[in-house]
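The values are calculated or read from the model by the stated rules, or taken from the named source; none is laboratory data. Since the model is a prediction, treat every value here as computed from it, not as a measurement. Cβ placement follows ideal geometry from the backbone for every residue including glycine, while neighbour counts extend to all protein chains displayed. These accessible areas exclude ligands, DNA and RNA; they are computed on the full protein's heavy atoms, side chains included. Shrake-Rupley method; radii C 1.70, N 1.55, O 1.52, S 1.80 Å.
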Amino acid sequence: MKQISITDLKINAGLYVNMAQDQDVIITRNGKAVAKLVTIKPNKKASWERVRGLFGGMSLSDEDVVAAREERLR
């Protein structure tokens, strides 16, 4: 994760937008983090883990998800 000042972002915006495709870029003002540039590409594994976390102790194996989907489609 790269940390840059807002002044540096203004001067080299294109560079940091390109960098944000591969890693998060934290933007600071007066030494304090105020924003973060992140890629727009979805991280499917992280998204899936967040969804699984919403269901607490419930079993959400791939087979369970496929079965639930097929049941909904019927």
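Quick rundown of the values:
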{"read-out": "Most to least packed among 22-29, 11-18, 65-72 [average Cβ atoms within 10 Å]", "value": "22-29, 11-18, 65-72"}
{"read-out": "Per residue solvent-accessible surface (Å²) - the chain, probe of 1.4 Å", "value": "84"}
{"read-out": "Helix 44-54 vs. the chain, principal-axis angle (Cα, 0 to 90°, nearest 10)", "value": "60"}
{"read-out": "Of all accessible heavy-atom area on the range 1-65, the percent that carbon and sulfur account for (1.4 Å)", "value": "55"}
{"read-out": "Projected-area average for the chain over all orientations - Cα convex hull basis, square nanometres", "value": "7.3"}
{"read-out": "Mean separation of Cα contacts under 8 Å, 6 or more apart, over the residue count of the chain: relative contact order %", "value": "23"}
{"read-out": "The chain: angle of helix 62-73 to the longest principal axis, Cα-based, in degrees nearest 10", "value": "70"}
{"read-out": "Approximate spin-label separation I40-V17, in nm, with each point projected 7 Å along Cα-to-Cβ", "value": "1.0"}
{"read-out": "Given charges at beta-carbon only (K, R positive; D, E negative), |dipole| of the chain in Debye", "value": "380"}
